[in-house]
Amino acid sequence: MFDPTKKSYLPELDGLRALAIVLVLVQHVRSVESAVPIGYLGVSIFFVLSGYLITSISLAEEFNKGGLSLAGFYIRRAFRIFPLYYFVLGIYCFLILGLNLFPDKHLPLKEALPFYLVYLQEIPFFRAAQGGSLPFYQSWSLGFEEKFYFVWPIICFAALRYQKAWRIPAAVFLAVACCLNHYSRPYASILFGCLLALGVQVESVRKWVERTAEVGIWIAAAFLLILHFAPILFWRWELAITLYAFVFAFFLGFLVTTESYFRRALGTPMLAFVGKMSYGIYLVHLLCIGLLRSKLHIQNIWFLLVCALGLSLAVAVVLHYSLEQPFIRFGRHWSKRATSSEPGPLITPAESNSQV
């Protein structure tokens, strides 16, 4: 069985990305020591969405071809993520190490650069007490994601290719295990999305989601809103972030299975467009905030937020059409060549919401 969304592209998922990137920007235009980790909630949305989409796309390929091509998966993923990442990292190095544009960032970037180059961004991130003055620290989440997607297809679609009934128990075990350690909790958020994609393959689960979605989506939305302002966010924010990702997985399940007000609102063209640019925005927004603060001396938080979003979006659009999309097409071409002996997948990353 495969039919998680019935459509290869759902604009409301890009709308969710748009809301997530705004949450991240709201956090970062404030001081990094801000008491409420709103930015982390936005990253949690990205994690759950990513797990759901990547697993759904892989299930689609397996359904249509009888198995997931690991070579094709890794090629598509590499050309989707790495070109833009290393290009923006190069911009950081040119501005900070070359032009010395931000003198106080010179030493932190120089020390973190070896880790950035080999995609171990989370190491300097946690060493720097989760960001602080470290340039490009937002890339920590990409380090978690890419390590996960190196291992997850091997576990789910290779090791358990002929034991599909063990996929959900294995994902549950891994999610629980990841929740037990501070440094592995981001993996739990990704696994919540994977579990959603696997869960809706079970007919009884899917029927329950469809039957309860009309009311359930409002309950889930209320819980998410409460978690943004609940006292637990101040003194147990790690627990709140994990709980937020868990509840968001339910919200996402309700969203993609039935028509609703949320589906229509999130699927508006403007939100969907911003969501498509979210990867580029995520990579460049801290640099844009730094330039706006230090060179234009913009200090008002809300004005800075609007300017940072506008500037980041403009830069992301240029990068999307000049760099990101050409490399995605190139990766898709090489992916097909690597699996040329097999028929094409039912849904490919180019046709779906397959983004970070």
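Below is a table of values for the structure above.
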| item | result |
| --- | --- |
| At most 12 other Cβ within 10 Å, DSSP loop - chymotrypsin sites (Phe, Trp or Tyr not before Pro), segment 108-215 | 162 |
| Label-to-label distance, nm, for residues given as residue 173 and residue 264 (7 Å Cα→Cβ offset) | 4.6 nm |
| Chain lengthening between residue 302 and residue 151 when straightened (0.36 nm per residue, less Cα-Cα) | 50.3 nm |
| Helix 106-117 vs. the chain, principal-axis angle (Cα, 0 to 90°, nearest 10) | 20 degrees |
| Segment 80-167: GluC sites (Glu not before Pro) in DSSP coil with no more than 16 other Cβ atoms inside 10 Å | none |
| Surface per residue (accessible, 1.4 Å probe) for the chain, Å² | 44 Å² |
| Area of residue 75 that stays accessible when all protein chains are in place (1.4 Å probe, Å², to 10) | 40 Å² |
| In degrees, nearest ten, helix 11-29 long axis to first principal axis of the chain (Cα) | 30 degrees |
| Given charges at beta-carbon only (K, R positive; D, E negative), |dipole| of segment 228-328 in Debye | 160 debye |
| Exceeding the 28 Å Cα-Cα cut-off - candidates 147/276; 164/207; 147/295 | 147/295 |
| The chain - percent of accessible surface contributed by carbon and sulfur, probe 1.4 Å | 70 percent |
| Distance from segment 218-297 to segment 100-177 (C-alpha centre basis), Å | 20 Å |
| Charge-dipole axis of the chain as Lys and Arg at +1 and Asp and Glu at -1 on Cβ define it, positive-most pick from 271, 318, 24 | 318 |
| Inter-label distance, nm, simple model (7 Å from Cα along the C-beta direction), residue 99/residue 273 | 2.8 nm |
| Label-reachable residues, segment 62-76, where backbone N falls under 13 Å from a point 7 Å from residue 158's Cα toward its Cβ | 68-75 |
| Cα gyration tensor, the chain - rounded (a/c under 1.5), prolate or oblate | prolate |
| Reachable aspartates and glutamates, given that their alpha-carbon falls under 19 Å from the alpha-carbon of residue 336 and they are not under 8 places away in the same chain | 61, 62, 324, 351 |
| Simple Cβ-charge dipole of the chain, Lys/Arg +1 and Asp/Glu -1, about Cα centre, in debye nearest 20 | 360 debye |
| Extension gain from residue 228 to residue 204, taking 0.36 nm per residue of separation minus the Cα-Cα distance | 5.4 nm |
| C-alpha long axis of helix 70-92 to longest principal axis of the chain, angle in ° | 10 degrees |
| At most 15 other Cβ within 10 Å, DSSP loop - GluC sites (Glu not before Pro), segment 211-280 | 259 |
| Unit charges on C-beta of K, R, D, E only; dipole of segment 166-317, Debye | 200 debye |
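The values are calculated or read from the model by the stated rules, or taken from the named source; none is laboratory data. A quick note: this is a predicted structure, and the numbers were derived from the prediction, not measured. Virtual Cβ from ideal backbone geometry, glycine too; neighbours counted across all protein chains shown. To get the accessible areas, we keep the full protein, side chains included, count just its heavy atoms, and leave off ligands, DNA and RNA. Shrake-Rupley method; radii C 1.70, N 1.55, O 1.52, S 1.80 Å.
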